[in-house]
Amino acid sequence: MRRTIIALGDRSICGDYKSVKAAGDLNIADSVIRRLTCAGDLSIVKSKIGKTTCAGYICAEASEFHYLKAAGAIDFQGVCQGKIIIAKGHLSADYLECQILRNGFKMASVKIDSNNQSIWSGSYKAEILENTAPLHLDFDYEFKNIISLAPLISENEIVCENFYSFNRITAPEVNAENIFLLAHDGISINQLAGSNVTIKNKFKPDKLFRSIPKSQTYRKIKGERDMVSVKSIEADRIQIEYTKAELVSGQDVIIGELCIIERVEYRNSIRISEKSIVNEVVKV
């Protein structure tokens, strides 16, 4: 293994390296690199890369990354894999599979700016999508968990196992085993469906949330006491506040403060706050 190489200008390398630092266009083929730092365009073919940080365009073909953090467009060609992929910019992928996929860098950098959306295309599979920058879900994906701290838009039903949203969301439906929405007036959803649905104006990580692998730390998150408007909520266990809905239907239902509900259907138990309005309650 070669220890370290510093590449300036246009360079091509092949082999095993402990560390590669590049300024300019770099072509890598059939290589194993423990640490890669690049400012410029990067081409990687059939290689395994450890910790990678890059500012510039990346084209990766049939390659594997342990940790990739990049600002700029990335094009994953063929089948690519990674443990942690953190991207700020446009992505395209024939097929990318990783444990953690994050859109954007820091929570503090989240801005509601529809003109600054990341554009993703292709096919992605990940244990978790962490969204910290505006994103349009108009690509093929299979995410077990979604945590969104920035505006999220989908023309189709959003499906995953655990869904957490702390910002604006626009979608016809969210379908997940566990759904948490932080109260926000920018939420536009027709239906929430799952086993557990919770809408509150504050969030404290619970055991389930802490068990999900993440690339950053999440602490308590407080909303702005905004009203959430949805047409219907259907789940086994429902606990909501600051919510306006036409229909809420579940086995065990808790209607907390400041809710306006047209009709509530329950099977086992129900609790309604005195500070909420429910026009019709039916046991089914």
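Taking the stated definitions as given, is residue 47 over 23 Å from residue 118 (Cβ atoms), in contact with a strand residue (DSSP E or B) (Cβ under 9 Å, 6 or more places away or on another chain) and open to solvent by less than 10 Å² (accessible area, probe 1.4 Å)?
Values: over 23 Å from residue 118 (Cβ atoms): yes; in contact with a strand residue (DSSP E or B) (Cβ under 9 Å, 6 or more places away or on another chain): yes; open to solvent by less than 10 Å² (accessible area, probe 1.4 Å): yes.
So residue 47 fits the description; yes.
Considered as a group, the residues in the range 107-123 that are at pLDDT 70 or above and in a loop (DSSP other than H, G, I, E, B) include one that is surrounded by the most Cβ atoms within 10 Å (Cβ to Cβ), and that residue is 117. In summary, strands (runs of 3 or more DSSP E) completely within the range 30-74 and bearing 2 or more residues that are at pLDDT 95 or above and either more than 15 Å from residue 91 (Cα to Cα) or among the hydroxyl-bearing types (Ser, Thr, Tyr) (or both) occur at 32-39, 42-45, 48-55, 64-71. Taking the range 214-272 as the range and being assigned to a strand (DSSP E or B) and small (Gly, Ala, Ser) as the test, the residues that pass are 229, 232, 235, 245, 249, 250, 269.
Selection of the range 6-29 for residues being of a type in the set (D, E, K, R) and in a strand (DSSP E or B) yields 11, 16, 18, 21.
From the list 104, 89, the one residue that fits, being over 16 Å from residue 143 (Cβ atoms), surrounded by 15 or more Cβ atoms within 10 Å (Cβ to Cβ), at pLDDT below 95 and not aromatic (Phe, Trp, Tyr), is 89. Here 215, 211 are screened, and the one residue that is farther than 16 Å from residue 259 by Cα and modelled with pLDDT under 95 is 215. Taken over the range 124-154, the residue count meeting the criterion of being more than 13 Å from the chain's Cα centre (by Cα) and either buried (at least 16 other Cβ atoms within 10 Å of the Cβ) or at pLDDT below 95 (or both) is 1.
Restricting the range 172-188 to residues that are within 19 Å of residue 261 (Cβ to Cβ) and in contact with an Asp or Glu (Cβ under 7 Å, 6 or more places away or on another chain), the residue that is most open to solvent (accessible area, probe 1.4 Å) is 185.
The values are calculated or read from the model by the stated rules, or taken from the named source; none is laboratory data. These numbers come from a predicted model, not from an experiment. Here Cβ is always computed from backbone atoms with ideal geometry, including for glycine, and neighbour counts include all displayed protein chains. Protein only, heavy atoms only, side chains kept; ligands, DNA and RNA dropped before computing areas. Shrake-Rupley method; radii C 1.70, N 1.55, O 1.52, S 1.80 Å.
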